[in-house]
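Take a look at the structure below.
The values are calculated or read from the model by the stated rules, or taken from the named source; none is laboratory data. Given the structure is predicted, the values throughout are model-derived calculations rather than measurements. Counting neighbours? That spans all protein chains shown, and the Cβs are built from the backbone with ideal geometry, glycine included. Keep in mind that these areas ignore ligands, DNA and RNA; they rest on the heavy atoms of the full protein, side chains included. Shrake-Rupley method; radii C 1.70, N 1.55, O 1.52, S 1.80 Å.
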Amino acid sequence: MRHPFSLVFALLTAAPAALAAQTPLPVAADARGRPGGPVVALLSPGARVTAGAATGAETAVTFEGWVDASRLGAKRDSFPASVGGRLTLRLREKPSANASIIAVLQPGTGVHTLGRDGTWMRVRRTAWIATSALQKAATAVAKVRSEEHTSEL
């Protein structure tokens, strides 16, 4: 019985660390399927991403949100689903047509599916963005922290 508790404890303690690793983008950013490749999405300012590996002037980021499930198409490459049709698809913060738009996915873009809520599907995608967009985010976070520290004094 000790192992299930250990697993639950590990998951609960890891969740805040994963959330802390998310960075809101201060600017819009083109997201590419591979470094220098075609654009698969346009990330909106404020979109929360988790940074990964970097190569050259680009960094891999992971983002997730909700899409209209009826707009998803068949498996594509290593992805279990893709954006169907010829139109872009809005990725939203919550499963609601009124929720903030995190990104606009291009037709044919592959996504990983995470779960369903009614007519909405939660999806995740990793793509490459300009490292400079993340550097602007880091600068903005440092400025806010500096202002918070100054106001405490």
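Remarks
- Inter-site label distance for residue 112 and residue 88 at 7 Å from Cα along Cβ, in nm: 2.5 nm
- Integer Hz, Karplus 6.51/-1.76/1.60 couplings in order for the range 80-86, x for Gly and Pro: x, 8, 8, 6, x, x, 9
- Distances between placed amide hydrogens fall under 5 Å for residue 27 paired with 46, all partners being 5 or more residues away or on another chain.
- Of all accessible heavy-atom area on the range 62-141, the percent that carbon and sulfur account for (1.4 Å): 49 percent
- Distance between the 7 Å Cα→Cβ label points at residue 96 and residue 79: 2.6 nm.
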